[in-house]
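Report on one structure; see the data block that follows.
The values are calculated or read from the model by the stated rules, or taken from the named source; none is laboratory data. Keep in mind it's a predicted model, so treat the numbers as computed, not measured. FYI the Cβ positions are ideal-geometry reconstructions off the backbone, even for glycines, and counts take in every protein chain you see.
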Amino acid sequence: MTREQWAAMAQCRSLVDAFPELRDGLAFDEKPAWVKKLAEEAGVPSVTARDRVHVLSWPRALKEQFFRFDEEQPKRNIYSYVLALEASIIEPSRTSFPEFYNGKRTTDEAANSVRGVLLTKTIDGIETGALGSREQIRSISPLFSTGLESRQKKIALGLFRDFVEQRDVQFEDVKAEITTQLPELLEERPPKPQRVIASIAALTRTLKNYEIAFIDASTKSESKKRKLKSELADALENLIEAAKDLRSRI
């Protein structure tokens, strides 16, 4: 009605009102169907629907907790932190460490317990300043890498267990332990071929549509225009050489 885009958390609250089934959260095996349902019935793009389902899958008590935090401190963007917790820790840890989740409780019950612990650590970290970015949450995702050797997996599982079970262990502590005990997991890995292809396609479209007039319009200084054009020419030359080299090796 106001022609303004709703904030993500406000949209989540409205989706709970529109779909009461979401109030108590979702089981893991219900997520795919709800992504499709929200995309079709709420007109939400599939990628956005997936992100909203990640957050809405949390149980009622935890949703009420981060909804309340969002109302009191909307500028802290708690939505992005909760999304990072689910997408970068809960989902991948469930896949990598089934032995952690498959105990006396169901997988979903165990996951809700982990979610509660992580939300507490997150809110405490935001309020104390110890957690200033969702990237700190994502930084521990190497623990859940696929294809770990038995030794690596044992260490990774131990670090994850300590993180969940020990109140004082924070995100930065886990990142430090990964650096110390599993530094190989932090080594930069080559991007997947599909990502490289998509990046090249995007860059190709950008270059085809780019006009030199864009550089002239970016600044009034003639010396800066000349410098930008020179830097662009050098960058293009490096790109051409790199492309030729890669093409020769295919």
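Residues in the stretch 198-207 that are surrounded by 11 or more Cβ atoms within 10 Å (Cβ to Cβ) and either among the β-branched types (Val, Ile, Thr) or not in a helix (DSSP H, G or I) (or both): 200 alone. If I filter the stretch 14-35 for residues that are in a loop (DSSP other than H, G, I, E, B) and among the basic types (Lys, Arg), do I get at least one hit? Yes, the stretch 14-35 has at least one match.
Taken over the stretch 176-196, the residue count meeting the criterion of being surrounded by 12 or more Cβ atoms within 10 Å (Cβ to Cβ) and either in contact (Cβ under 8 Å) with a residue 40 or more places away in the chain or in a loop (DSSP other than H, G, I, E, B) (or both) is 3.
For the stretch 140-175, what are the residues that are in a loop (DSSP other than H, G, I, E, B) and buried (at least 19 other Cβ atoms within 10 Å of the Cβ)?
Of the residues in the stretch 140-175, the ones in a loop (DSSP other than H, G, I, E, B) are 140, 145-149, 166-170.
Answer for the stretch 140-175, where residues must be in a loop (DSSP other than H, G, I, E, B) and buried (at least 19 other Cβ atoms within 10 Å of the Cβ): 140, 148, 170.
Taken residue by residue, the stretch 208-215 has at least one member that is in contact (Cβ under 8 Å) with a residue 12 or more places away in the chain and either touching a Pro at 6+ places or on another chain (Cβ under 7 Å) or surrounded by 14 or more Cβ atoms within 10 Å (Cβ to Cβ) (or both). Exactly one residue among 35, 47 is surrounded by 18 or more Cβ atoms within 10 Å (Cβ to Cβ) and out of contact with any Leu (no Cβ under 8 Å at 6 or more places or on another chain), and that residue is 35.
Answer with yes or no whether residue 87 is in the same structural domain as residue 29 (by TED's automatic domain parsing), hydrophobic (A, V, I, L, M, F, W, C) and modelled with pLDDT under 95.
On the way: in the same structural domain as residue 29 (by TED's automatic domain parsing): yes; hydrophobic (A, V, I, L, M, F, W, C): yes; modelled with pLDDT under 95: no.
No, not satisfied.
Residue under question is residue 16, and the condition is that it be assigned by TED's automatic domain parsing to the domain that holds residue 120, under 19 Å from residue 137 (Cα atoms) and crowded, with 16+ Cβ neighbours inside 10 Å; does it hold?
Details: assigned by TED's automatic domain parsing to the domain that holds residue 120: yes; under 19 Å from residue 137 (Cα atoms): no; crowded, with 16+ Cβ neighbours inside 10 Å: yes.
Spelling it out, it is not the case that residue 16 is assigned by TED's automatic domain parsing to the domain that holds residue 120, under 19 Å from residue 137 (Cα atoms) and crowded, with 16+ Cβ neighbours inside 10 Å.
Of all residues in the stretch 84-139, those satisfying the criterion of being polar (S, T, N, Q) and assigned to a helix (DSSP H, G or I) are 88, 93, 95, 96, 107, 112, 113, 120, 122, 128, 136. Within the stretch 45-73, the residues that satisfy the criterion of being within 20 Å of the chain's Cα centre (by Cα) and without any contact (Cβ under 8 Å) to a residue 24 or more places away in the chain are 45, 46, 47, 48, 49, 50. Given the condition without any contact (Cβ under 8 Å) to a residue 24 or more places away in the chain and out of contact with any Leu (no Cβ under 9 Å at 6 or more places or on another chain), answer yes or no: does some residue in the stretch 80-87 qualify? The answer is no, given that none of the residues of the stretch 80-87 is without any contact (Cβ under 8 Å) to a residue 24 or more places away in the chain and out of contact with any Leu (no Cβ under 9 Å at 6 or more places or on another chain). Looking only at the stretch 101-124, residues that are buried (at least 17 other Cβ atoms within 10 Å of the Cβ) and either modelled with pLDDT of 95 or more or not assigned by TED's automatic domain parsing to the domain that holds residue 69 (or both) come to 11 in all.
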